[in-house]
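Below: the structure, in structure tokens.
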Amino acid sequence: MAPEDWVALCPEFYFGNGTPREEFIWDSTADDLTFCSQAIFHTAAHAVFLIVTAFYVGRLEWRRPSGAGSVMRNAEMRTVTVSWALRFFVSLAILILHFLAFILQLVWLEDHSVFGLISYAEFPVSLLAWLLHSSVTFNLTRRHSSLQVDGSDSLLLVLAWCPVFVTSTLTLRSVLLPRHSPNRVHTLITIVTFACQLLYITAGVLELYSSCIFIEDSRNRRISRTPSESSSIETGDPEETAEEDQRLINETPEPPSGVDPSVLIEEPKLGEPRFWGPLRFFLFLWVDPLMRRGANGRLRRADDLFEMPQKLRADQHAEALQRELARNAKSSKYYLPQVLIRLWGLRWLLLGVMKFAYSFLQYSSPLFVNVLVETIENPGKYPEYVGYLYGFGLIAVNLISNAVQLHYVFQVEKLAMCVRGALVDTVYGKLLRVHSSALSESMTSGQVVNLVGTDCQKVSENCQYLHQLWALPLQIAVALFLLYQQVGFAFIGGLVFTILLVPLNQLLASKISKQVEENLKQRDSRVKLMGEALSAIRVIKFHAWEKWFSERVGAVRTKEMRTVKVIKYLDAWCVYFWATTPLIMSVLTFTTFVMMGGQLTAAKVFTCLSVFGLVIVPLNAIPWIITGTVEAWISAKRLQTFLKLSEIDVKSYYAILDAPPARPGTNERNSSSAITIRQGNFTWTPQKDPALPGPHEVIANQLEDVELTIKRGELVGIIGRVGSGKSSLLNAIVAEMYQVDGLVGIGEHDLQDGFGFVPQDNWIQQGTVLSNTQFALPNSEMERYRGVIEACALEQDLQLLPAGDLTQIGEHGVTLSGGQKARIALARAVMQDKAIILMDDPLSAVDAQVANHIFEQCIVRLLRGKTRLFVTHHVDFLRSADRVIVMKDGRVVEHGPPERVLPRLPSLVEVDDLSRKDAAATDESETDEEIAVGENALLSRAPSEAVSSRSKFGRKRKNKTAQLVQDEQREYGTVKLSVYQQYWKAVGNFWAVSVFASLIAMQASYNVTDWWLSYWVTHEKDTFDPATNTTVTDAKYYLTVYGAIGAGNSVWAFIRSFVFAYAGLRAAYRMHDLLLSKVMRGRMLFFDSTPSGRILNRFAKDVTSVDNQLPFMLNILLACIFQLLGTLMVICYGLPWFVLLLIPIAPLYYFIQRFYRSTSREIKRINSLTQSPIYSLCTETVEGLATIRAMRADDFFHARCRRLLEDNLRAQFADMAANKWLNMRLQFLSMVIVSGVVMIALLVKSAAGTLGLTVSYSLTVVGVLNNFVTSLIETEKEMVSVERVMQYLADIQEEKYDGTLLQAPDEAWPLRGAVEFRGVGLRYREDLPAVLSDFTLTIRPAERIGVVGRTGAGKSSFLVTLFRLAEISHGSITIDGVDILHLPLQQLRSRLAIIPQTPSLFDASIRDNLDPLHKASDAELWSAIDMCDLRGAVDKLGGHLDVLVGENGRKLSLGQKQLVCLARALLTKARIICLDEATASVDYETDRLIQATLRRACSTSTVITIAHRLQTVMDYDRIVVMSEGRIVECDTPENLLALPTSHFAMLHQQSQRSGSATA
């Protein structure tokens, strides 16, 4: 089309003299776009705006409101309505202005001579567009709440308006140019129109404000919630109690005040995300519903999140993985990696295409920077519009590159999530099948949790690392090529330095990895020690070992902090190199280039700087990528090792009795037998395959030559001494031992149905009493529940519990007594309604009356017709059995009817004689007041008058005042400023100020170096020296200054790195020491009301966070803050007009990040809370593996794991989606910033150096903004650990350790052991009733006092006051005339001795368990061992005092552990020895041994015994009978028995009747 042909389209195409223009787009004479090009752009922009607006005119659908919205939604609607109203008035104003402009030019101003077709098309299109837009905004203003318009619709309208704003900006520039002389009225109209466009932007910001600012309003409107309903910004704890996690995850929250509860309860679920529509998918608009729900404060549990898309569900991927694992040969060295590659390798390779595209696209930005700056440096070489084209190209390439990267990362994360879900599911499935012995020999429960929580995560994360391995070298090669194009071989100087850093970084990374591994070991040791301390805290306080244990923990902490220190300083080197490498590369490169005679230009400099910024990332990442890949490989090998562990195959373990093979020599088939064992030999350790190489150790069998036949319906009792193999026999029956040879036969139905199993350790799950009892039963099979509760004597207990059978049980049943745990474990086994019931000593922890009730009502009556095997020390119960089995040294030495077996064993006859007198004469008190949980049971009782108000099984609303385990305190919202102040205080004022000063100096020097480069390339001049006939340049001067500033930056970066590392170490030291001291000095009430897992979590997760994660994230956050400030200051300095653009962008960014943070916090909290139940379930499963498998509950627990895993993956998916939603919006914000910088620089004709500097800085904005938000959220998350530590430091009440006596007693005190109680009163909390009232008792020196009484009588509280575990409310207690209230606690407790009911041993040597303070000699230790008959047990362990007893003394039996506690008490040589039901869980023979030893070795000591069996105290000097915290009787046993109406006589008579009933 010839220029003459444009005249009809645009008469302005001709010059005034009729000569056709050669320039259609750019008018070089006016230095502006031509009138025609502006008109065409204006028409095209309004045409797009018209089409989109017309689409929405036809799309709007009206509907009736669905009901009242929430307060938060109404608040949002009001703000949105204001936004649309403002847009309506703006649209109407612009419509009028366009019409006036057209009329003025056409009629009044007579400018129609320049009009062509384009002008006549431009005005109608623009008028129609704004007219329709006014209509749409008017409708949205009136009835926005009733229209089906969401965030994606609003965004599309704004995007369609953006080209109109750009053309308005160009028009404004034209009318403001000096050489442009339009009509003044037209100029005024153009300025007013542009102002209206700015108001339109304000309306958009206001709508975004509606999505963010109402968050605060909604929080203020909410009712004040209990701490349990609140949530911290981060998360929860990996070791938090599962019941709390489940409640927070699944419980329906209470609605805000004034809001209809149905609004919240009936709110529709989000369902699966809807990805339909390319725009919706590309811009992550499908995440909007989740973000709005989070901003409304409605993300409180996993059900509020998106459901997992079908293609991402863990169960599907897990089943595929397990099929491949089953098909693959496990003998392969790379067994697991091969399977993973086979399943997901193709999908991973396809994602490599996106990675390849992004790797090249990101290096297009430096090329566009180069040509853009070059057009400014050489204005005569290129038309000015070329600069705008390159500017738009830079914006587009940057946007596309970042978008491709965003979607690539999202797809890789989804793939990693699939891999993780499949691995976790597979590991847990394997856990349910693995042999217990193989598991215990290879790893602990903590290591299993580590497999699930760490190793599966590392293997899945390797999906991204593997792509980096090939992408990083490619990116480096492209970067080097670009540098070669700009500066030739001069880049080698910087390259050599960078290459030298790679092995250095690798060395640092490898050393850090080794130190991290060592740190994890030391941390595990410290946490393990703290776990021991918390589980034995009563023993520690009874013996005044707080200082000793603190020193023991402190020694491990010192080793741990050595590794932390090394890690911090190595990290400081990494941070230093990371911060200075780009600057050092540029200094070396530019110095080499200048020395080689090159001339630096703005295009070369800022292109190189952009490339340096890109290449430094892969160079620094190489060591960490390699380390991550190696760690993933190690994790894969650990997972592979676990997956290869031997499994239990019940089908091959058992022989079917329904059709058994004939016995040798006979044709007999005994189908009536329930269990048959023939020549059974069993061991806990597997025999090594003789075909395998290596030494073959001969392993002794734990059970040998077992011959048994148990008939169906029989009641079989098993008895034997401690360590005789009773428990092993039951474990052999349930297939938990290795079968060396022989045969174990059961019925086919029993093989499928399993056994009812009650283990000796009373495995209790975290949850409610109901869930523990129901176990794997569906709700439809709970009709037997009431009968089972009554038969197991639990009905009265449920009435006393705060919420009946819905009472939450802490970890390991911490809120229950020993008897309650035993009965719940029994009720669980009975509820399963199995044909065979195996019970391992279920009656040892209950008193005689309860034991008789359970035996008669449950074992005999309720389970009549079932095959029952029970281990017991109660000989009277054996008389009611059909058969008795006697175990000794792993053999069945006798079995048959009780009347034939029992009389034939002299040792049993001796026990029988005792039992005839008082075998069942056990004190009526159950173990609810035992020392281990004494206060728990008292605190868990509600007042008696509340019992009658409870409904079935005591269920009622939880009484907060009587609740023992309080909900964990949580803060809501952002972390308070006071928490940061506390961390500042821990760091120290000097070092905190030093950190900020060094950061400011480092960032300022870095920005000055770039500014100096810009100044250099702009002001450098060449001068001709006629004397030498050469050109003289001042490059040396600029280069010297540049190098000096760079050196200063390097120094400040070094100072900043190491000062920050040291400051973090100071805070870590201080906070741990304060926390340890506070906890160890805390009152016992704190430990009784706080689950140990919650306390341990402070020392595990929170201390680790303060040590490592918090300083790391805080370092990044501070660096991002100063980098962002420095970037904006440089841009504003170079382009002052950018401030105008910054004014609307700053609040926009603030609202976006605030909107995101409000949602992200809740998602991360849910993510943490959904992780914790998975870890708790794994720990519980390891501990209760035998019970789960025996009852055939494998499928139930696997399904439970899948539900928990699904919830966690939903949270992980939501977190990923929310993060990408933020990144995409920051991409657009960055696009606006880059566009503004480019356009402003081109419009104001800035210097090339300034343009290059500002553009290169603007390209980094998106990364800085994203890193700032991410690091801020992560820092807040980690800062919660400081908050939680500070809560303990502020809330824990310490014991009164210091005495008030002016003159303390001498070292020999007490000499006599006389104790006197005068009017003592005690209550554990002010809101609880008194447990001791006016308690008065005088105990003479060397007197032996027995204390008896019914449940809740206050017997254990009596000892609590003596040791001052709780301070008395009134009265006094004196020992040898000294008031113990005024004594230092350490002096008081160290002079007393106690043997608790539950023995507590440390994972240490025999020596350390007997004498932790090492005060006794070896001879004294051996003497105590011999007195307690422990020589044989020690010889079996190794025969020396330094042999380890294992965790909690697992290498010793329960009776042997109790004897160790006796020996420990004897070594104290105390004048006062206390026993708190110390013989409750041991057999009669051990009981007799303890009493005989005390009589022999402590004849001169005062002995106070809380009796479990009345026979224990029948030969004591006096008996104290207690009731309701008072002494009702105190006299010799003979005198009390002589009075038939005495309480003691009635207790004795009742126990005698119970004993005869069972005989």
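Can you flag which of Lys311/Lys1220; Lys541/Lys821; Lys559/Lys1277 are past 23 Å Cα-Cα? All intermediate terms of the calculation are to be shown ahead of the outcome.
Working: Lys311/Lys1220 19 Å; Lys541/Lys821 25 Å; Lys559/Lys1277 27 Å.
Exceeds cut-off: Lys541/Lys821; Lys559/Lys1277.
What FRET efficiency do you get for Phe275 and Asp1073 if R0 is 60 Å and r is their Cβ-Cβ distance, rounded to the nearest 0.05? Please report the intermediate quantities before stating the final value.
Values: r = 52 Å, r/R0 = 0.87.
Once rounded, the FRET efficiency stands at 0.70.
Over region 1140-1262, what percent of the accessible surface lies on carbon and sulfur atoms, probe 1.4 Å? All intermediate terms of the calculation are to be shown ahead of the outcome.
Numbers: 1890 of 2960 Å².
Carbon with sulfur: 64 percent of the solvent-accessible area.
For region 341-477, what class follows from the C-alpha gyration tensor (a ≥ b ≥ c being the square roots of its eigenvalues): rounded when a/c is under 1.5, otherwise prolate if a/b is larger than b/c, else oblate? Display every interim value, and only then the final one.
On the way: a/c = 4.49, a/b = 4.07, b/c = 1.10.
Prolate, since a/c reaches 1.5 and a/b exceeds b/c.
Where the accessible area of region 437-478 is counted over protein heavy atoms with a 1.4 Å probe, how much of it, in %, is carbon and sulfur?
Working: 920 of 1630 Å².
Accessible surface attributable to carbon and sulfur in region 437-478 totals 56 percent.
How many Å² of accessible area per residue for region 297-455, probe 1.4 Å? Before the final figure, lay out the partial values.
Details: 6230 Å² over 159 residues.
About 39 Å² of surface per residue is accessible.
Before I look further, what does region 694-792 give for accessible area per residue, probe 1.4 Å, in whole square angstrom? Display every interim value, and only then the final one.
Details: 3780 Å² over 99 residues.
Accessible area per residue, region 694-792: 38 Å².
Would you mind calculating the gained length between Val496 and Trp548 on full extension (0.36 nm times residue separation, minus the Cα-Cα distance), in nm to one decimal?
Values: separation 52, 0.36 × 52 = 18.72 nm, distance 5.54 nm.
Extra length from Val496 to Trp548 when fully extended: 13.2 nm.
Taking 0.36 nm per residue of sequence separation and subtracting the Cα-Cα distance, how much length would be gained by fully extending the chain between Leu504 and Thr1500, in nm to one decimal?
Details: separation 996, 0.36 × 996 = 358.56 nm, distance 7.10 nm.
Stretched out fully, the Leu504 to Thr1500 stretch lengthens by 351.5 nm.
Ignoring any ligand, DNA or RNA, what whole percent of the accessible area of region 697-823 comes from carbon and sulfur when the probe is 1.4 angstrom? Present the calculation step by step, with values, prior to reporting the outcome.
Details: 2060 of 4380 Å².
So the carbon and sulfur contribution to the accessible surface is 47 percent.
Treating cross-link reach as a plain straight distance, find the lysines whose alpha-carbon is under 25 Å from the alpha-carbon of Lys1245, omitting any fewer than eight places away in the same chain.
In chain and number order, the partners are Lys381, Lys604, Lys1021.
How far apart, in nm, are two points set 7 Å out from the Cα along the Cα-to-Cβ line at Tyr569 and at Asp889?
Calculated label separation equals 6.0 nm.
Can you give me the long-range amide H partners of Ile1395? Hydrogens built in the peptide plane at 1.01 Å from N, cutoff under 5 Å, separation of 5 or more residues or another chain.
Cys1474, Leu1475, Asp1476
Volume per residue, Å³, of the convex hull around the alpha-carbon atoms of region 1404-1530?
On the way: hull volume 15.7 nm³, N = 127.
Cα convex hull per residue, to the nearest whole number: 123 Å³.
Could you sort the peptides 289-302, 476-489 by per-residue average Cβ neighbour count (10 Å cutoff), highest mean leading? Each step should come with its number before you reach the end.
Details: 289-302: 21.4, 476-489: 17.4.
Result, highest mean Cβ count within 10 Å first: 289-302, 476-489.
Applying 1/(1 + (r/R0)^6) with R0 = 56 Å to the Cβ-Cβ distance of Trp984 and Glu1534, what FRET efficiency is obtained, to the nearest 0.05? Could you put the intermediate results ahead of the total?
Working: r = 71 Å, r/R0 = 1.26.
For R0 = 56 Å, the calculated efficiency reads 0.20.
Can you tell me which lysines have their Cα less than 25 Å from the Cα of Lys888? Leave out same-chain residues fewer than eight positions away.
Excluding near neighbours in sequence, the set is Lys711, Lys726, Lys1436, Lys1451, Lys1457.
Return the long-range amide H neighbours of Ile809 (sequence gap of 5 or more, or a different chain), with a cut-off of under 5 Å between placed amide H atoms.
When sequence neighbours closer than 5 places are left aside, the close amide H contacts are Gly767, Thr768, Val769.
So, how do all the Cα-to-Cα distances of region 448-495 break down into 5 Å bins, in percent, from 0 on up?
Taking every Cα pair in region 448-495, the percentages come to 5, 19, 15, 12, 11, 9, 9, 7, 7, 5, 2, 0.
Once R0 is set to 45 Å, what does the formula 1/(1 + (r/R0)^6) return for the Cβ-Cβ distance between Met782 and Tyr1150, expressed as a FRET efficiency to the nearest 0.05?
Working: r = 55 Å, r/R0 = 1.21.
Working from the Cβ atoms, E equals 0.25.
Order these peptides, 755-761, 739-745, 490-496, by their mean beta-carbon neighbour count within 10 angstrom, highest first.
On the way: 755-761: 23.3, 739-745: 17.1, 490-496: 21.3.
Packing proxy ranking, top to bottom: 755-761, 490-496, 739-745.
With θ taken as phi - 60° and the coefficients 6.51, -1.76 and 1.60, list the Karplus ³J(HN,Hα) couplings across region 1215-1229 in order, rounded to whole Hz; mark glycine and proline as x.
5, 4, 5, 5, 5, 5, 4, 5, 4, 5, 6, 5, 4, 5, 5
Using the heavy atoms of the protein chains alone and a 1.4 angstrom probe, what is the accessible area of region 578-625 per residue in square angstrom? It would help to have the intermediate numbers written out before the result.
On the way: 1510 Å² over 48 residues.
With the other protein chains kept in place, region 578-625 gives 31 Å² per residue.
The values are calculated or read from the model by the stated rules, or taken from the named source; none is laboratory data. Keep in mind that this is a model prediction, so the values were computed, not measured. Ideal geometry is used to build each Cβ from the backbone, glycine not excepted, and the neighbour counts take in all protein chains shown. Keep in mind that these areas ignore ligands, DNA and RNA; they rest on the heavy atoms of the full protein, side chains included. Shrake-Rupley method; radii C 1.70, N 1.55, O 1.52, S 1.80 Å.
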